[in-house]
Every structure is written in C-alpha cells, then in structure tokens.
Amino acid sequence: MSFSTLGLSNEIIRAVTERGYTKPTLIQMQAIPAVLSGGDLLAGAQTGTGKTASFTLPLLHRLSSSDNSLKSTSSGYPPIRALILTPTRELAAQVQESVYEYGKYLNLRSIAVFGGVSISPQKRRLRNGVDILVATPGRLLDHVQQGTVNLSGVEVLVLDEADRMLDMGFIGDIRRILSLLPKQRQNLLFFATFSDKIKALATGLLNCPATIEVAPRNVTADTVAQKVYQVDHDKKRQLLAHLIKRKEWYQVLVFTRTKHGADRLVKQLTEDRIQALAIHGNKSQSARTHALTKFKNGTLQVLVATDIAARGLDISDLPHVVNFDLPNVPEDYVHRIGRTGRAGAKGEAVSLVCVSEYQLLADIEKLIAQRLPREEIAGFGPNPHTKPEEIQPGRKHRPKSELSQRTARSSPKSSPRKSTKKSAKKSSAQNVVGERKSGNKKSASRRSAKHD
Ligand code: AMP
C-alpha cells in the first residue's frame, strides 16, 4: 500500500515522500482512512509506530480541502480549526514540527503553545491567526483565562497520549477545555496503554468511534533486544560507565527514577569523562531544549531522563536505552524502551537491576508476558548476601498536593497567573518558543512539575 491509495492530497504525499517515507505504517494504513471519513477515532498505538503522522496527515488533508479557511477579523482572536492536546512540552513541540513538516506545501498555519516559556510570542501568533494549535493543557488554559485563544471554531480535537495526560492528573483541565469547544466536531483519542480511565474518557467523548489498536496491549516492540544486567545498587554507575566505554555506545538514553538520581548520575558520568546531561521537570525549558538538541544532533553521548520528561521524545534510530533504575509503574518500562526500535529500526534496551528491584522486574515481566534474559558482567555481579532495601519513590501516583493545586488553578475563581515577559527568544525547533530565564522560583518549579 502507498500513501496515494489512502486518498491524501498530492501536496501531503510530496511532503512525506521528501521526508523519506515510502509506505504508510500499520497505524497509518488504518487511521488515515478513518480520520478522512470524518468520524471519531479511538486508537491504541505505541510510540514509534508512526502515530503522529496517522492523525496529522488526514487532519491536514481535511482542513486544506474544506473552504473554512481562517477568517481574518479586525478585532478579537481568529478561531483555531484544530486543537491537538499533548501531555508534555517536548511532545507538543515535536507534534507541531510534524504538522509543519507534513503541511509545508499547504496554506495552513500551526503553532505549539506550552509552559516554561514566555507567553507573549504565543499570544502574537494566535492574534495573527492559527489553523492548528498544538498545546499542553495548562498553557492552553492560561490563554483561555487571558482571552488570547478562540476555541469556538474547533472542527477537530486530538488527544495525543491521552493515557499519560490522565496519568499526570490533567483530567480536570481536559474537561474544562472540552466544555469550551463546539459540540459539533471530530474527536480523535490516542493512547499507548489502555486502562479503565481511558475507557471512561472515550465513552464520554467519542461518538460511535472507529477503534484501532496496532500492537497488542503492553507488548514491547520485537525490534528491541532486551536484557537485564544483575548488579548491586552501588555498582550500577560503574557498570554503566563500563558498558558505555566497552561497547562504544555513542547515543544512550538513560532513565532514572528520580530527578535527584538523574542529576547525581550526570555528575558521576561526567567525572568518568562521559559527556552527559539530564532532562527532568526541575530543569528550565532552555536547559531541556539545549540537552535534547545536543542529544538529537549527536553531540551529546548520554541523556539522562526521568519518565515524565522523556515522554514523547522522538529521537530517530536511537540505538540504546538503559534503565538505570526500573520504573515503579510497569507500563513505564514499555514507554521507556519504546524510545528505541522505532518504526522498524533495531534497538537495544538494557536494565541494571539490583536485588531491591526484583519485584519490579517481576511486575514488568508479567505485563509484557515474557521473561527477560539475565546476564552478569565479571566484576559487577551482585553480592549474594546483599539485602533488598526499600525502593526510593519515583513516579507512582500524582501527589495530592499537585492535584489540588491544579484543581484550584482550573477554577474560574483562581487568579490569573502571572507570566514573565523577560527574554523572549525564538527557538528554531519550536517556532514560537521564548525562553523564560528568570521569574518567581516557586511558580517556575510548580509549573515544570506539572509540565504545563
Ligand atoms: P511516532 O510514532 O509518531 O513518534 O513516529 C515515530 C517515527 O517514525 C518518527 O521518527 C517518524 O518520523 C517515523 N515515521 C512515521 N511514519 C513513517 C513512515 N510511514 N515510514 C517511515 N518512518 C515513519
């Protein structure tokens, strides 16, 4: 099957061909006709399957072929026509890049809006008119509160990685956003891991949806070679440095359970003369963008990330993923290793597992329904007398305090949030990103914790 048989316009086919795609992936083959038909869609697809193009391409086709083009108004903000919500800033930027790339021969305007950067350039772009808006829920509500986005003309709504948005406690924000949209619209809901929460959201949101699931639930891609190295906790760092040097790994994404653990590991790897940077919710948006850009362009050997920060990272042909700590939530293992072995490429995912993590390993193996091969490296094998210790908490459930903060913010009575106007700087990757260099420390960390 080719892209042309799916009914997409020549402009879109030209753009994907230039991107090097020769044929649609499985999710694209199924989702593109479903979205072109105008109906609602519930789609389960792992990251790396080509899911972004599966909704972006037909969305671009639909918007460019209807004559509902942007109405320029002399006052007020012109209505946007499609809204794509994503859980994280990185994913928002990445999806908008795809929209921009695939739509480069069309006359449609798109931007990404997310927190952690100045709101002013975003307002200006919205004021000038935008067809497709990619947004994180928190920042979108900031714009709603300030009256700088017009949602009255939304024809298509996409919830990308909806399971993660629910997981991050965005349900209140999503409900609020839904209440601001026109009743008549097309809804596309994408998830990676099915759950009762997704089922409930889909039931309330979707109208007789087409349902697609391209990979069996919670099954890891078979292009990823998985392995467990058994090691004592206090030898993990030496083992990682050993593996990187010995095996000459040049582009390694390493996951730690906590932000503090990520920072500590970066420090230690740097001492071992391995170039590493961390991305997590306590890092400024500029530091995150800097680390990600270097990692993507191959000038940074190791990127250390926490689960939430790494969500949505699309780094093509990433050869190695390392679980420095196993995640507390077994589904996160599937998401983590989904960073490698993408779109058919081969990848390797290794986990450094200490005795305290054996139960977490058992939970993961139960979820993915396979036993991972174990290996010990001479000199790094675990001491059989080491006793299991309590696992340091990482991402488990959303803390109550965060939930109540978000609920309070979502309430119409809450005071409008202040934004720092300082130092707006354009980022080439994200088109509308201004870097926030300073500002209220407390509010900055509160925001980044919530990935608005
Ligand atoms: P996604 O699942 O949307 O994050 O996409 C994963 C990767 O697959 C991205 O790097 C895309 O550029 C790539 N991709 C998407 N569609 C195709 C295709 N039809 N052929 C080859 N690569 C693709």
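Here are a few things to note about the model shown:
For every residue, the table says whether it meets (1) more than 30 Å from Q28 (Cα to Cα); (2) modelled with pLDDT of 95 or more; (3) crowded, with 21+ Cβ neighbours inside 10 Å.
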{"site": "V99", "(1), (2), (3)": "no, yes, yes"}
{"site": "L108", "(1), (2), (3)": "no, yes, no"}
{"site": "A112", "(1), (2), (3)": "no, yes, yes"}
{"site": "P121", "(1), (2), (3)": "yes, yes, no"}
{"site": "R125", "(1), (2), (3)": "yes, yes, no"}
{"site": "P137", "(1), (2), (3)": "no, yes, yes"}
{"site": "L140", "(1), (2), (3)": "no, yes, yes"}
{"site": "Q146", "(1), (2), (3)": "yes, yes, no"}
{"site": "L157", "(1), (2), (3)": "no, yes, yes"}
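- Helices (runs of 4 or more DSSP H) wholly inside the stretch 1-115 that include at least 2 residues being small (G, A, S) and within 15 Å of the ligand (Cβ to nearest atom): 51-65, 89-102
- A single member of R176, R164 is at pLDDT 95 or above and either of a type in the set (S, T, N, Q) or outside any loop (DSSP other than H, G, I, E, B) (or both), and it is R176.
- Residues located in the stretch 1-17, provided they are in contact with an Asp or Glu (Cβ under 9 Å, 6 or more places away or on another chain) and over 12 Å from A53 (Cβ atoms): none
- Among residues of the stretch 2-14 that are under 14 Å from T56 (Cα atoms), those with a beta-carbon under 9 Å from a residue that is of a type in the set (S, T, Y) and part of a helix (DSSP H, G or I) at least six positions away or on a different chain give the pairs F3/T17; S9/S64; S9/S65; E11/S64; I12/S64; I12/Y102; I13/S4.
- Within the stretch 212-237, the set of residues being surrounded by 15 or more Cβ atoms within 10 Å (Cβ to Cβ) and modelled with pLDDT of 90 or more comprises I212, Q226, V228, Y229, Q230, V231, D232, H233, K235, K236, R237.
- Failed item in (1) without any contact (Cβ under 8 Å) to a residue 60 or more places away in the chain; (2) surrounded by fewer than 20 Cβ atoms within 10 Å (Cβ to Cβ), with P58 passing the rest: (2)
The values are calculated or read from the model by the stated rules, or taken from the named source; none is laboratory data. Just so we're clear, the structure is a prediction, and the values are computed from it rather than from any experiment. Note that we place each Cβ from the backbone using ideal geometry, even for glycine, and neighbour counts take in every protein chain shown.
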